[in-house]
There are 2 protein chains.
Amino acid sequence: MSDDERSGAFDHLFTAAVRDGLGEEGYGSWRSIDEPDAVSLSFGFPYPESFPHDELVAAAEAVFEEERDTALQYGGGDYADRLVEVVAERERDRGIDCGTENVLLTNGATHAIDVVCHTFLERGDEVFVEAPTFMGTLKLLGNYGVEITGFGNDADGLRVDAVADELERREEAGETPPKLLYTIPTFQNPTGTTLSRERRERLLDLAEAHDFVIVEDDAYGALRYHGEDLPPLAALDESGRVVRTNTFSKTIAPGVRSGWVLADEEILEEVTRMRAGGANTFTQGVLGRYCTEGPFEENVAELRGRYAERRDHMLDRLEEHMPPGTDWTEPDGGFFVWVTLPEGIDTDELLPRAAEEGVTYLPGEQFFPDDRGEDCLRLSFSHVSHEEMERGIEALARATRSRMAEH
Amino acid sequence: MSDDERSGAFDHLFTAAVRDGLGEEGYGSWRSIDEPDAVSLSFGFPYPESFPHDELVAAAEAVFEEERDTALQYGGGDYADRLVEVVAERERDRGIDCGTENVLLTNGATHAIDVVCHTFLERGDEVFVEAPTFMGTLKLLGNYGVEITGFGNDADGLRVDAVADELERREEAGETPPKLLYTIPTFQNPTGTTLSRERRERLLDLAEAHDFVIVEDDAYGALRYHGEDLPPLAALDESGRVVRTNTFSKTIAPGVRSGWVLADEEILEEVTRMRAGGANTFTQGVLGRYCTEGPFEENVAELRGRYAERRDHMLDRLEEHMPPGTDWTEPDGGFFVWVTLPEGIDTDELLPRAAEEGVTYLPGEQFFPDDRGEDCLRLSFSHVSHEEMERGIEALARATRSRMAEH
């Protein structure tokens, strides 16, 4: 519905935060182009051959067979409960001191972030984020009417020094500190960068000194292709102020829409209260069975190998085809490469041309809470074949060169 | 965690609405007793033999076979889309003028109510409800820090005359009108009563005159056992101010955790924005297949027959066993009978004795936003066998008589 068709009949009954955002596109409406003939490097889609179709059907059969009366009832059966244990165990394997009392299963990672926001954020509150950061979280924060301040990333992740400077400045000026700092410290979306160990510790010190909560989104943490695992923020934290959000979207499939919040028990209690509503015990039971009896871990190991190839292939093709002056990140895991085009080419303007040449991507601006990022774009290497990747990067190079020629 | 063990370390960072409710039990914590040897008439559980286990497995197989690449991807495939069409078609069959542009699929009915609240409610806003009403909605409204006013039900449902009086009084006194009125007009939870046609029309007139939104929760509307269907509020409404919430929990299974919001397009746009996060396309695809190719309608028809028997059996046993002075409702549909005990017996106090005698129920107080309902209780006839029902009602009668003997 375009704005001039709106009657606005009910606008005055919406919350102030909703009224602030009237006419804005919602979650899931990203600035992109749908061009069927072009290779899409736009979205962080897992490659569909990785989905465990047969295993999920077999799991459903087994769960229904064993839990005839409870599997589809309110509350679910044992397999649904076992999924909570699987999550707690996996998080303990990452070095986090936790049990099932710290885990709330959610309908995906964004739902996890949403209930955390619902617990902490009121209109006018201050939130710090990386800039660029996951566009979904930016949309979601918009729903709470909060003030968002973005801090840059470099090869070692979030510029924690810049965060420290701003916190100090605010303290001296008597300005409001943030309530939350939202970060994707490992294989960040969209840059693919990872926060160094040293910066992780400094960030935790800052959270403690300035009394804010860190939301650690670790959606890609299980998918490392190079180097050694770093401890999650929640594993280094001793204060209980790191709230972790995570998902099975990248390790099983997005369609199962299952994630979790991991938090200090007192925080989790309130998050659980604010969640409201029951769980999809059908899905949770199926995943509980798949994760305990199925080949979940083996599949994740295979995913790592496959995605590593795709990542290498994308970096090689960028090296081969992109004109001088193009920069890009070299992620050790996750799905994304962040590209900065030469001569400050506007990636939003370039997109129709790129689509015509045969590739689509997400322009960089939508990953920023402010107006930055116009010469950047995000590429996803997760779901196209080698041949499509080749065609896609060649098309991006052609579009970029033809735009450079006009300068 | 009991209150005296709480450190309260993060309380100051929570929202004011969260702080208001610290220490309160969350959604899903109902005042009941878990007594394995007693017959539970406490919860609105469908009877498990009704769950379409094999049909859902068959649907999953078919969806994965036909939609190999999209069924588990973000966005889902055609069957997930078809579920939206199924919902719109069923709502049109109820007489509501709507299309897929009016439907948002949600993770169950409570999630549907929650996103509607998130769109309209701010702390301090006024909300009208039936009293008694669904305890889940009362908990959920508590998360928004709103002021709740309850209005009684009689055999024709919500006392709309009392609502009218209060609206008029507020208008004359210059007091704040409600933003929302939440109602379950058909086979209400917990009373089983149904709002008459005349009251439906008057309620809509009041909403228009006093400019509030009606949230019509129709979770039980498809399960009528006696009498003729009445048009839903949304079918009678011409202003667009009725927002409907509904669920497949009672017609397929609670575990599939699938519901929807049906609303005017301008309202639905904002509700969709406030929803944030993706859909469980796995479940939606399976249900889309089951509802279009599976025996969904036939199963609902069978459910009506089975629940009608259960309802009749409960009413007969109440008539047979309960002491004089006991009152109960006679629902034409849904899952519940609302019982008022003689001599003002406190149902919360009586519960341990009833459990000892062999039955559990939900005491009435938790269905009220205030302190009423202490001599009432809710019985569910949905999920016990005839033999269990017999034992349960006999036990309730024994407990009641023994308490009366002490008066």
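Read-outs: derived from the displayed coordinates by stated rules, not from any lab. Nothing here was measured: the structure is a model prediction, and the numbers come from that model. Because the Cβ atoms are built from the backbone with ideal geometry, glycine has one as well, and the counts that use them run over all protein chains shown.
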Note to self: Taking amide H atoms as placed 1.01 Å from N in the peptide plane, list the residues 5 or more away in sequence, or in a different chain, whose amide H sits under 5 Å from that of A:Val359.
What the structure shows: A:Val39
Note to self: With θ taken as phi - 60° and the coefficients 6.51, -1.76 and 1.60, list the Karplus ³J(HN,Hα) couplings across region B:177-189 in order, rounded to whole Hz; mark glycine and proline as x.
What the structure shows: x, x, 8, 10, 10, 9, 9, 10, x, 10, 6, 4, 9
Next item on the list: Evaluate peptide A:252-265: per residue, the Cβ atoms of other protein chains within 10 Å of its Cβ; return the mean as an integer.
Entry: 5
Check: So in the protein assembly as shown, what percent of DSSP beta bridges are antiparallel if you round to the nearest 5?
Finding: 55
Check: Is it possible to state the helix-based mean residue ellipticity at 222 nm for chain A, with each DSSP H run of 4+ residues giving -39500 (n - 2.57), the sum divided by total residues, to the nearest 500 deg cm²/dmol? What is it?
Finding: -13000 deg cm²/dmol
Notebook entry, point to check: Want the number for A:Ser32 to A:Ser239: 0.36 nm per residue separation, take away the alpha-carbon distance, what's left?
Noted result: 70.4 nm
Checklist line | Theoretical FRET efficiency, 1/(1+(r/R0)^6), r = Cβ-Cβ of B:Glu302 and A:His226, R0 60 Å, to 0.05 | finding: 0.55
Notebook entry, point to check: Once you charge only the Cβ atoms, +1 for Lys and Arg and -1 for Asp and Glu, what is the size of the charge dipole of region B:11-103 about its Cα centre, to the nearest 20 debye?
Noted result: 360
Checklist line | For a label point 7 Å along the Cα-to-beta-carbon line of A:Glu198, residues of region A:146-162 with backbone N under 16 Å | finding: A:154-162
Notebook entry, point to check: Which value, in debye to the nearest 20, gives the size of the charge dipole of the protein assembly as shown about its Cα centre, when Lys and Arg are +1 and Asp and Glu are -1 at the Cβ?
Noted result: 580
Checklist line | Of every Cα-Cα pair in region B:110-156, the percent that sits beyond 17 Å | finding: 31
Checklist line | Leading residue at positive end of dipole, chain B (Cβ point charges), from B:Met389, B:Leu230, B:Leu158 | finding: B:Met389
Margin query: Could you check the spin-label model distance between A:Met404 and B:Ala162? Points 7 Å from the Cα along Cα→Cβ, value in nm.
Written below: 7.6
Next item on the list: In nm to one decimal, list the spacings between the A:Gly95 label point and its equivalents in the other copies, with label points set 7 Å along Cα to Cβ, shortest first.
Entry: 6.5
Notebook entry, point to check: What is the spin-label model distance, in nm, from B:Asp370 to A:Glu265 if the labels are put 7 Å beyond Cα along the C-beta direction?
Noted result: 3.8
Next item on the list: Could you tell me which chymotrypsin sites (Phe, Trp or Tyr not before Pro) in region A:101-147 are loop residues by DSSP with no more than 15 other beta carbons within 10 angstrom of their beta carbon?
Entry: none
Next item on the list: With a Förster radius of 51 Å, plug the Cβ-Cβ distance of A:Ala155 and A:His12 into 1/(1 + (r/R0)^6) and report the FRET value to the nearest 0.05.
Entry: 0.55
Next item on the list: Could you check how many percent of all C-alpha pairs in region A:67-295 are farther apart than 31 Å?
Entry: 20
Notebook entry, point to check: Taking region A:181-269, which GluC sites (Glu not before Pro) meet the DSSP loop condition and have no more than 15 other C-beta atoms within 10 Å?
Noted result: A:Glu228, A:Glu238
Notebook entry, point to check: Which lysines does B:Lys139 reach when only Cα atoms under 23 Å apart count, and residues fewer than 8 places away in its own chain are ignored?
Noted result: B:Lys179, B:Lys250
Checklist line | Within region A:281-305, backbone nitrogen closer than 19 Å to the virtual label 7 Å beyond the Cα of A:Asp78 toward Cβ | finding: A:281-295
Check: Given A:Gly95, A:Ser50, A:Gly145, which one lies farthest toward the positive end of the charge dipole of chain A, if we put +1 on the Cβ of every Lys and Arg and -1 on the Cβ of every Asp and Glu?
Finding: A:Ser50
Item checked: Integer Hz, Karplus 6.51/-1.76/1.60 couplings in order for region B:356-370, x for Gly and Pro -> 5, 5, x, 8, 10, 8, 9, x, x, 4, 5, 8, 10, x, 10
Margin query: Contact order normalised by length for chain A, with contacts defined as Cα pairs under 8 Å and 6 or more residues apart; what percent is it?
Written below: 25
Margin query: Amide H of B:Asp154 versus every other amide H placed in the peptide plane: which residues, excluding those fewer than 5 positions away on the same chain, fall under 5 Å?
Written below: B:Arg159
Notebook entry, point to check: For the rotation that brings chain B onto chain A, whose beta-carbon in chain B is nearest the axis, and what is that distance in whole angstrom?
Noted result: B:Asn107, 2
Checklist line | Nm distances between copies for B:Asp316, ranked from closest, using label points 7 Å along Cα→Cβ | finding: 7.7
Notebook entry, point to check: Over the protein assembly as shown, what number does the Rg to Rh ratio reach, with both radii from the alpha-carbon atoms and Rh per Kirkwood?
Noted result: 0.98
Next item on the list: Give the shape of chain A as rounded, prolate or oblate, defined through the alpha-carbon gyration tensor: a ≥ b ≥ c are the square roots of its eigenvalues, a/c under 1.5 means rounded, and otherwise the shape is prolate if a/b is larger than b/c and oblate if not.
Entry: rounded
Note to self: Label position 7 Å from Cα toward Cβ: report the copy-to-copy distances for B:Glu49 in nm, one decimal, ordered from shortest.
What the structure shows: 4.8
Notebook entry, point to check: Any idea what the dipole of chain A comes to, in debye rounded to 20, about its Cα centre with Lys/Arg Cβ at +1 and Asp/Glu Cβ at -1?
Noted result: 440
